[in-house]
1. Could you check how many residues of segment 14-54 are surrounded by 16 or more Cβ atoms within 10 Å (Cβ to Cβ) and among the charged types (D, E, K, R)?
2. Determine the pairs where a residue that is free of Cβ contacts under 8 Å to residues at least 12 places away in the same chain, located within segment 16-39, has a partner that is open to solvent by less than 50 Å² (accessible area, probe 1.4 Å) and of a type outside the set (Asp, Glu) with Cβ atoms under 6 Å apart, the partner being 6 or more residues away or on another chain.
3. Of all residues in segment 112-136, which are open to solvent by 70 Å² or more (accessible area, probe 1.4 Å), assigned to a helix (DSSP H, G or I) and either in contact with a strand residue (DSSP E or B) (Cβ under 6 Å, 6 or more places away or on another chain) or at pLDDT below 95 (or both)?
4. Quick one: in segment 1-17, which of the residues that are in contact with a strand residue (DSSP E or B) (Cβ under 7 Å, 6 or more places away or on another chain) and assigned to a loop (DSSP other than H, G, I, E, B) is nearest to residue 55 (Cα to Cα)?
5. Please determine whether any residue of segment 91-99 is assigned to a helix (DSSP H, G or I) and in contact with a strand residue (DSSP E or B) (Cβ under 8 Å, 6 or more places away or on another chain).
6. Using the structure shown, decide if residue 97 is closer than 15 Å to residue 62 by Cα and charged (D, E, K, R).
7. Which one of 11, 65 is modelled with pLDDT under 95 and either open to solvent by 30 Å² or more (accessible area, probe 1.4 Å) or under 29 Å from residue 85 (Cβ atoms) (or both)?
8. Might you check whether a residue that is in contact with a Ser or Thr (Cβ under 6 Å, 6 or more places away or on another chain), in a loop (DSSP other than H, G, I, E, B) and at negative phi occurs anywhere in segment 54-66?
Amino acid sequence: MLEAWVDLGPLKDSPSTSIPGFNDRLMGWLPTMIEHQCSEGVRGGFFQRLREGTYPAHSLEHVTLELQELLGMPVKYGRARELKEDSSVYKVVVQYRVEEVARACLATARELVLAAMDDRPFDVAAEVVGQVVTGDAHQ
């Protein structure tokens, strides 16, 4: 498991439903996340959570898992939990097969989530191919 402590700062109180276009961008860039059951336990569970309103750390968790999946390293387990009440710091934990790949995916996931929040373009395919070409994704 890879564990990251993420300080959301002012984004702590910014659910996915409060950021115009965020959900559409995220689901459009990574449509294969429809397979993420999340806590709902059904196909599309994570997308359901996005539509209901979930927080950036939770999105970071799922994007990190999905990027690993796109690199041919299927993983399923992840969690994002607030460290203490009224804190902007979350612990994000994701399963991995190769630690270096998971770290690269986490960094890319951070950039992707921020791009979706800021309505900036993001080329998922180029990022995934870039990780393979640079050798960050090896088994």
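The values are calculated or read from the model by the stated rules, or taken from the named source; none is laboratory data. Note that this is a predicted model, so its numbers are computed, not measured. As a convention, Cβ positions derive from the backbone with ideal geometry for all residues, glycine included, and neighbour counts pool all protein chains shown. Please note that ligands, DNA and RNA were not included when accessible areas were found on the heavy atoms of the full protein model with its side chains. Shrake-Rupley method; radii C 1.70, N 1.55, O 1.52, S 1.80 Å.
1. So the answer is 2.
2. Pairs that qualify, where the first residue is free of Cβ contacts under 8 Å to residues at least 12 places away in the same chain and the partner is open to solvent by less than 50 Å² (accessible area, probe 1.4 Å) and of a type outside the set (Asp, Glu), are 37/45.
3. Matches in segment 112-136: 127, 129, 132, 133.
4. Pass one, segment 1-17, residues in contact with a strand residue (DSSP E or B) (Cβ under 7 Å, 6 or more places away or on another chain): 1-8.
Still in the running and assigned to a loop (DSSP other than H, G, I, E, B): 1, 8.
Values: 1: 21, 8: 9 Å.
Ranking the qualifying residues of segment 1-17, first place goes to 8.
5. yes
6. no
7. 11
8. Yes.
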